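Before any comments, here is the structure.
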Amino acid sequence: MYRTTDSDRYDDEDDIFVIDSHLHFWDASKENIVHEGGEEFIRCFYDYHTGFTPTEREWTLEEYRKYSQERMLQDLFENGTVDMGIFQPTHLNEFYDEGFNTVDDNADFAADHPERFITNGRFDPREGEAGLRELERQKEEYDIDGVKLYTAEWRGDSKGWRLDSEEAFRYLEKCAELGIENIHPHKGPTIRPLNRDAFDVADVDDAASSFPELNFIVEHVGLPRLDDFCWIAAQEPNVYGGLAVAAPMAQNRPRKFGEIMGELLYWLGEDRILFGSDYALWNPDWLVDCVMNAELTEEQRDEYGVELSTDVMRKIMGENAARLYDIDIEEKKAQLRNDDITEKFGLEAHYTDENPSAAD
């Protein structure tokens, strides 16, 4: 839980329940790579990592390729800033023998800490009938409420697919039928060697219009196509913005981050923006503090007519994700008072009426 007294920007003491809505548990070890694209992919990730992470917090490339569950738990929860996280899978089976970041691996991890993690599924419409059966399996075994979609993933000779295609609509219909309401398409920066245009945000428009009963949480807010995303989201009330990749700009490019937040708050409003660290691209143990201390310039406040107030940040950092995933925050706090993570890291004060210790 984030304590606003750690910041010079907040006048009042307040606790912010933090749900990191974009997590990965990946394996990019050399033993798992079966295509040169797998090596290019993880090195591109690592370039993003070193480009935005404070120097003293950078990992080595070998640490970055494959990390342990223990390390992930430490990075997410040890300082008490993050309360829960949502796994977003990315299989990339053309590049990695056992997959890069799979639904089953995430679910196995989450099963050991059920109060802390939510497991999302995935689908790829190019898998046809077998893919529909796999989606049913994910719902039956893991009771998933969301799916992460990677429209630029390679499959055979295909280097991507569209969310507004007839094939994709069959899967969205299946999601609606199964009660999988949260659709998380990656619509952001390209990762080498994938194609930039396969991540174009334009295909969200028809999909969101055609399935108003589903929520489309557009990861990375369409960057570098922020304007396109905002115009779509302004039209479609079931389109949300995920801040993964945008969030670390609060560290390196604060004015740009202010511009992004100003546009999102102006067009979408405070109820449709979700924080995500994109772990392990970046660590929430420093990133949450960066985002919570971000400010708009005076010119940005005047232009957009918005503020990064405590109430706004409370929604972005946790309450919006809680609403989408049917999490009662007060009830969850009570559950976390005695869970294994709280015991392991001595976080009892974070979930009582007493003031929690300051986050590191």
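Derivation of every value follows stated rules applied to the coordinates shown; laboratory data play no part. Model, not experiment: these values are computed from the prediction.
Here are some notes:
- Of LYS66/LYS256; LYS187/LYS344; LYS66/LYS344; LYS30/LYS174; LYS139/LYS332; LYS187/LYS333, those spanning more than 25 Å from alpha-carbon to alpha-carbon: LYS66/LYS256; LYS187/LYS344; LYS30/LYS174; LYS187/LYS333
- Where both bridge residues fall in the chain, DSSP classifies roughly 20% of the beta bridges as antiparallel.
- Amide hydrogen neighbours beyond the local backbone of GLY241, cut-off 5 Å, H modeled: VAL218, ILE273, LEU274
- Cα gyration tensor shape for the range 157-272, rounded if a/c is under 1.5, else prolate or oblate: oblate
- What the phi angles of the range 307-314 give under the Karplus curve with 6.51, -1.76 and 1.60, with θ = phi - 60°, is a coupling list of 9, 8, 7, 4, 5, 5, 5, 4 Hz, glycine and proline written as x.
- According to the Kirkwood relation over distinct C-alpha pairs, the hydrodynamic radius of the chain is 20.5 Å.
- Mean-position separation - Cα centroids, the range 240-311 and the range 172-218, in angstrom: 22 Å
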